[in-house]
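Visitor: I have a structure here, written as structure tokens, and I will follow up with some questions on it.
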Amino acid sequence: MQNAPLRTYYLSDTYGGPEDPPNPLTQPDSDVLISTDFGGRPTDRIHREFDIFGQEALADHILRLVVSQHDELMRRVDLSDEERDFAIKGGTGVFINSAPRVARNNAQPFYLATAREGNIHIVSTPLSGLSAIKGDIETLQYLDNPSDPTGFNGLYTGREQFRSRLTPRLLNPNHKLELRDANISDIPDPRTDWHVAYVDRFGNVITRVDNAESQWEQIARIASQSGNSRNCVHLLLTHNGHAHPTGPLEIAQSLGEANPGVSSIYQNGGGIDVVVKWVPDQTAHERMASSGWRSLGEPRIGDAIKLVQEKL
């Protein structure tokens, strides 16, 4: 990848747009858009921007998605060798900016990481923005903030308030800026606890946990002990220290086997999803009003999840 990446995705808390709190039912579905970019037009030049204010953990899901989509490109047989090579080596760049200034400094520096033999470039502040794919990071550098207010690092001075208008430049391998090496081990470890990872535009809630198989076994065991023929479980979701319980979630083996109109939980690949399967003849408004996201109390991406053991 010698020039700017073929696909670029900018995630920043500065763009504006989403409601506060964010409403995934009215926002662009970043998962679908990015998956379609890789899947349906892998050789096209793409640029997209997503506002992550109030949902900074969205970057975790997108980074994991970009890595998995890159790996899928490697396995594609519908592409010619030339097309596949162009799609992969054309590269993908992800820019993450969510560094509020809460101290007397210019926030953390912008870090540049590479993955998948240098075909994925990620620029992030803070460093924790790289945690989700820490195990995939191959190189790590950073652009030092000038210590002197009038100092200059080749891109901005020590008094620059709008660094994110300039730092996407780091995604271009020909940026010609002087970077310092950093230790990949300094990247904070990724989350292992059960939490909300993503909510799609239909309100389906995708959750993530380090060991989904073990978590699902626990869910199934507690459901079987519930004393209810529907095999239901309750969850406890926590946001900013405030916890609230959910209503009953019916165990399902897949979305296809879930009962219509019922809040269902099922294992989906390496994750666990909460959905409300549509009822025939529902209007679009009714479908959104009864979505899995609504049934869980409109959780935010990143909210922690615990399983509640109780009789239903």
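The values are calculated or read from the model by the stated rules, or taken from the named source; none is laboratory data. Given the structure is predicted, the values throughout are model-derived calculations rather than measurements. Cβ placement follows ideal geometry from the backbone for every residue including glycine, while neighbour counts extend to all protein chains displayed. Each accessible area value is taken on the protein alone, full model and side chains, heavy atoms only, with ligands, DNA and RNA left out. Shrake-Rupley method; radii C 1.70, N 1.55, O 1.52, S 1.80 Å.
Visitor: Rounded to the nearest 5, what % of the DSSP beta bridges within the chain are antiparallel ones?
Guide: Close to 65 percent.
Visitor: Could you order the peptides 135-145, 118-128 from most to least packed, using the average number of other C-beta atoms within 10 Å per residue?
Guide: In decreasing order of mean packing, 135-145, 118-128 become 118-128, 135-145.
Visitor: If I model a spin label at Gln161 and Gln218 as a point 7 Å from the Cα along the Cα→Cβ vector, what separation in nanometres do I get?
Guide: My value for the distance between the label points is 4.6 nm.
Visitor: Expressed as a whole percentage, what fraction of the accessible surface of the chain belongs to carbon and sulfur atoms when a 1.4 Å probe is rolled over the protein heavy atoms?
Guide: Solvent-exposed carbon and sulfur of the chain make up 47 percent of the total.
Visitor: As a test of reading the structure, rank Trp216, Trp278 by solvent-accessible area (1.4 Å probe, protein chains only), most first.
Guide: From most accessible down to least: Trp278, Trp216.
Visitor: I'd like the antiparallel share, as a percent to the nearest 5, of DSSP beta bridges with both residues in segment 1-150.
Guide: Values: 11 of 29 bridges.
Among the beta bridges of segment 1-150, antiparallel pairing accounts for roughly 40 percent.
Visitor: Taking the Cα-to-Cβ direction at Arg48 and at Val32 and moving 7 Å from each Cα, how far apart do the two end points lie in nm?
Guide: 1.0
Visitor: If a/c stays under 1.5 just call it rounded; otherwise compare a/b with b/c (prolate if a/b is bigger, oblate if not). Do that for the chain, with a ≥ b ≥ c from the square roots of the Cα gyration tensor eigenvalues.
Guide: Values: a/c = 2.13, a/b = 1.65, b/c = 1.29.
Because a/c hits 1.5 or more and a/b exceeds b/c, the chain counts as prolate.
Visitor: Another question about this same structure. Calculate one ³J(HN,Hα) per residue across segment 177-184 by plugging θ = phi - 60° into the Karplus curve 6.51 cos²θ - 1.76 cosθ + 1.60, and present them in order as whole Hz with x for glycine and proline.
Guide: 9, 8, 10, 10, 6, 10, 8, 4
Visitor: What does the accessible area per residue of the chain come to in Å², with a 1.4 Å probe and no ligands, DNA or RNA counted? The partial results should precede the final answer.
Guide: Working: 15400 Å² over 312 residues.
Accessible area per residue: 49 Å².
Visitor: Would you mind classifying segment 177-312 by shape? Square roots of the alpha carbon gyration tensor eigenvalues, ordered a ≥ b ≥ c; an a/c under 1.5 is rounded, otherwise it is prolate if a/b is larger than b/c and oblate if not. List each step's numbers first, then the result.
Guide: On the way: a/c = 2.17, a/b = 1.57, b/c = 1.38.
Because a/c hits 1.5 or more and a/b exceeds b/c, segment 177-312 counts as prolate.
Visitor: Below 27 Å, Cα to Cα, which lysines can Lys306 reach? Residues fewer than 8 away in the same chain don't count.
Guide: Cross-link targets: Lys134, Lys277.
Visitor: If amide hydrogens are placed 1.01 Å from N in the peptide plane, which non-local residues have theirs closer than 5 Å to the one on Gly91?
Guide: Here Leu6 satisfy the definition.
Visitor: Continuing with this model, one more query. Through the Karplus equation 6.51 cos²θ - 1.76 cosθ + 1.60, θ set to phi - 60°, convert the phi angles of segment 66-74 into ³J(HN,Hα) values in whole Hz; use x for Gly and Pro.
Guide: Computed from phi, the couplings for segment 66-74 are 4, 5, 5, 5, 4, 5, 5, 4, 4 Hz.
Visitor: How much accessible surface area, in Å² rounded to 10, belongs to the heavy atoms of Lys306 with a 1.4 Å probe?
Guide: Estimated to the nearest 10 Å², Lys306 gives 140 Å².
Visitor: Separate question: Using Cα-Cα distances under 8 Å and only pairs 6 or more residues apart, what relative contact order does segment 161-312 have, in percent?
Guide: Computed over segment 161-312, the figure is 27 percent.
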